[in-house]
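J.: Provided herewith is a single structure, encoded as C-alpha cells, for subsequent inquiry.
The values are calculated or read from the model by the stated rules, or taken from the named source; none is laboratory data. The model shown is predicted, which means the values in this text are computed figures rather than measured ones. Because the Cβ atoms are built from the backbone with ideal geometry, glycine has one as well, and the counts that use them run over all protein chains shown. Side chains are part of the model used for accessible areas, which takes the heavy atoms of the whole protein and leaves out ligands, DNA and RNA. Shrake-Rupley method; radii C 1.70, N 1.55, O 1.52, S 1.80 Å.
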There are 2 protein chains.
Amino acid sequence: MNTPGRISTAQVKSYLLDLQDRICRALEAEDGAAIFQEDHWSREDLEDSGSGTVLGGGGRTRVFTGGAVFEQAGVNFSHVTGASLPPSATAVRPELSGRSFEALGVSLVVHPENPHVPTSHANVRFLLAEKDGEEPVWWFGGGYDLTPYYPVTEDIIGWHQAARTACRPFGEDVYPRYKEWCDRYFYLKHRNEARGVGGLFFDDLNDWGFERSFEFMRAVGDSYLDAYRPIIRRRKDQPWTERQRQFQLYRRGRYVEFNLVWDRGTLFGLQSGGRTESILMSLPPLVSWKYNWQPEPGSEEAALYACLTPRDWLAGH
Amino acid sequence: MNTPGRISTAQVKSYLLDLQDRICRALEAEDGAAIFQEDHWSREDLEDSGSGTVLGGGGRTRVFTGGAVFEQAGVNFSHVTGASLPPSATAVRPELSGRSFEALGVSLVVHPENPHVPTSHANVRFLLAEKDGEEPVWWFGGGYDLTPYYPVTEDIIGWHQAARTACRPFGEDVYPRYKEWCDRYFYLKHRNEARGVGGLFFDDLNDWGFERSFEFMRAVGDSYLDAYRPIIRRRKDQPWTERQRQFQLYRRGRYVEFNLVWDRGTLFGLQSGGRTESILMSLPPLVSWKYNWQPEPGSEEAALYACLTPRDWLAGH
C-alpha cells in the first residue's frame, strides 16, 4: 500500500518500463519498417573506468538505425545505484555531496532521416539520495524538447500546446515556468543559440510531495507522443533535397556540441560510470562540421536561426 | 634587449606567427591543391556570450577544406587577454584564480581524407597570469599527438623518434616524461581508450627559466613537421576502400568526444569567450556514430584498438 508522500521506487520503475514499451511501439508504428534491438546490461558487465561512481544496477537499451523514417532512434531505460553522487549532480546542491544514490529514468532521442521531421528528445527521471541517519532526499526531473531543421510554425505551436495541456492540471504557472527552464537549459552558450524550439524541462521536483510529483512526471512522459506524433505524420512523406540533407547534417553538429559540452544528463552518465554506448546513442548517426558556415540571408536555412532565440510560441494560441 | 629570464611576449608572438606560416606552407605543399583561407578576427568582433572572460586580442585563423590530401586542415594563431583566468585554467592551480591573463598560441588539427593518413594535432602556447603587486606567473605548454585509423608501426615509431629527437637536448628524461603525460592527457576515460598513439604533451613549464623553456617550446613546434611529413608522404597515395572510409568516419567520433568532453584547451577557449569557429575547426568535417559498434576480431579495424593502450613505441629503437 502506498501512503501519500511515501516514496516507492518500484512504482516509478514499473511506470518507466511501461513508458519505454509504449514509446518504442509507437515509434516502430510510425516508422513502419524498423524494429528496436534490445540490450540488457548490468553494471557488472561494464569495465571499471576508474572514475565511475556507479556500483550497481543496469538498464534496457533499445536502439534501431536505418528505419524508413528514423535514421536512428534510441530509447533507454536505466536504473543505477552508486556510493556517491557525481559532481554533475551536486554542483548546484553541494549539501548532497557524498550521498549514495539511486537513479531511474527513461531517456530517448529520435533522429529522423528526413530533414523536414525535427529531432526530438525526452527524458523522465527519479533520483533518491540517501545518507545514514538522515532523511532520504528525492526528486523527479524530466522534459522534452524539439530540434527542427526546417521549422514549421504549426508544428512548433502543436508541440508546445501538448506540453501546456500536460502541465495545466498542475497549475497555470507550470507550463510557462518549465518552458522557460527548457529554454535556459537547452542553450549553447558558446554559440548564443538555443538547441531548438524548446518544450519542457524540470528538475529537483519534490515540493508537491511524492504522489503529485510522480503524477506530474507521468503527465510529461505520457504527453511526449501526443506532442511528437502529429509532427512525424505531417512531415515524414515530404520530399527533401540534397541541400536540405546537408543542412541537417550540419545542424546535427550543434546537437553533438550541446550534448557533449553542456548536457548535465550526459555528463552525469559519463561521470558516474554509466554505459557509454547507451548514453551516447543520443548522438546522431552522421554529422558534419563546416568552418564558419553561415546560411545565406533570406534562405530557408536562415529561417531556422530566427527560431533559435527563445520566444513564447503560444502567445495568442 | 632580452635579459636571460626576462619574459618577452613579443618574441613568443613573432615565433608563433612564423611557425603558423611555415606549417601552412608545408601542408599546402603536401596537399598540392588546397590553399588556406585566412580570417583575422578580434575580440571586438565577437558577440559577448555573457560567460566569456576574454577582454581583448584576436587571432589569425587559417582553414581549408576539400584538399587533394586533407579533407580539412586548420591552423590557428591566437593572442587573447582577459580579466580573470577561466575555471579550466585554474582547476589544478586554484592560487591563480582571479588573475588577469594573456594567452598566445598556435593550435592545429589536420583531418586527411585518406584513412591511411593519420589525423594529427599540434599546439604550442604561452600563458602569462598577472596580479597587481605580485610577480607575474608564466608558463609554456604544448605538444602533438597522432591519431591513426589503420596504424603502421613504422609511422608510429618515426613519429615518436622525431619527438624524442626534439626533446633530447633538454635531457634524456624529457621525452619519456612528456610522452607519458601525452598518453594520460589524450585519453577518453569514458571509453578506457587512448585517442591515438600519443606523442608529447607538456604544460606549466617554467622551471627552466624563460629562455630555455621558450627554446623547448620552439623545439616542439619546429619538430611537428619532421614528425608528420614523412607519414603523409608514405600514405597519401595509398588506395582505400569504402569500408575503410566508413571506419575513419566512425573513429572520428572519438575525436569529437575527446575534444568536447575532455580537452582542457577546447574548454578554455569556449569558457573564456574565444572565437567558437576557430576553436571548433578541430572537429572533423564528417563524422558518424554507430551504437555499440565493435570491430570483427582479427580484422584490420581491430588492429587499431590494440594500439590504443599506451605503450613504449621506442622500446629497442
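J.: Go through region A:127-166 and give me each residue that's under 24 Å from A:PHE77 (Cα atoms) and out of contact with any Leu (no Cβ under 7 Å at 6 or more places or on another chain).
T.: Across region A:127-166, the qualifying residues are A:LEU127, A:LEU128, A:GLU130, A:GLY142, A:ASP145, A:LEU146, A:THR147, A:ALA162, A:ALA166.
J.: Moving to a separate point now. In region B:84-107, what residues are outside any loop (DSSP other than H, G, I, E, B) and either of a type in the set (Asp, Glu) or farther than 19 Å from B:GLY57 by Cα (or both)?
T.: Within region B:84-107, B:PRO87, B:SER88, B:THR90, B:PRO94, B:GLU95, B:LEU96, B:GLU102 qualify.
J.: Here is a further query. Could you check region B:276-314 and list, in sequence order, the residues that are assigned to a helix (DSSP H, G or I), open to solvent by less than 30 Å² (accessible area, probe 1.4 Å) and more than 7 Å from chain A (Cβ to nearest Cβ)?
T.: Selection gives B:SER278, B:SER282, B:GLU301, B:ALA302, B:LEU304.
J.: Let me ask something else. So in region B:263-275, with the set limited to residues that are open to solvent by 30 Å² or more (accessible area, probe 1.4 Å) and within 15 Å of the chain's Cα centre (by Cα), which one is nearest to the other protein chains (Cβ to nearest Cβ)?
T.: Here the answer is B:LEU267.
J.: Here are some conditions: (1) touching a Leu at 6+ places or on another chain (Cβ under 7 Å); (2) farther than 21 Å from A:GLY105 by Cα; (3) within 14 Å of chain B (Cβ to nearest Cβ). A:LEU260 meets all but one. Which one does it not meet?
T.: Every listed condition holds for A:LEU260 apart from (2).
J.: In region B:109-129, how many residues are under 19 Å from B:TYR178 (Cα atoms) and surrounded by 24 or more Cβ atoms within 10 Å (Cβ to Cβ)?
T.: The qualifying residues number 5.
J.: I'd like the residue in region A:219-248 that is in contact (Cβ under 8 Å) with a residue 60 or more places away in the chain and not in a helix (DSSP H, G or I) and, out of all such residues, is nearest to A:VAL117 (Cα to Cα).
T.: This residue is A:LYS236.
J.: I'd like the full set of residues that are within 14 Å of chain A (Cβ to nearest Cβ) and either over 30 Å from A:LEU270 (Cα atoms) or buried (at least 16 other Cβ atoms within 10 Å of the Cβ) (or both), limited to region B:155-191.
T.: If the condition is that a residue be within 14 Å of chain A (Cβ to nearest Cβ) and either over 30 Å from A:LEU270 (Cα atoms) or buried (at least 16 other Cβ atoms within 10 Å of the Cβ) (or both), then B:TYR187, B:LEU188, B:LYS189, B:HIS190, B:ARG191 are the ones that fit.
J.: Has region A:234-256 got any residue that is of a type in the set (A, V, I, L, M), open to solvent by less than 60 Å² (accessible area, probe 1.4 Å) and at the interface with chain B (Cβ under 9 Å from one of its Cβ atoms)?
T.: Within region A:234-256, one or more residues are of a type in the set (A, V, I, L, M), open to solvent by less than 60 Å² (accessible area, probe 1.4 Å) and at the interface with chain B (Cβ under 9 Å from one of its Cβ atoms).
J.: Output yes when any residue across region B:88-102 is over 27 Å from B:GLY209 (Cα atoms) and more than 16 Å from the chain's Cα centre (by Cα), and no when none is.
T.: No, every residue in region B:88-102 fails to be over 27 Å from B:GLY209 (Cα atoms) and more than 16 Å from the chain's Cα centre (by Cα).
J.: Could you grab me the full set of residues in region B:130-154 that are touching a Pro at 6+ places or on another chain (Cβ under 7 Å) and either open to solvent by less than 10 Å² (accessible area, probe 1.4 Å) or under 17 Å from B:LEU283 (Cα atoms) (or both)?
T.: B:LEU146, B:THR147, B:PRO148, B:TYR149
J.: Something else about it: Could you count how many residues in region A:276-295 are closer than 26 Å to A:GLY143 by Cβ and more than 18 Å from the chain's Cα centre (by Cα)?
T.: Going through region A:276-295 one residue at a time, the tally reaches 1.
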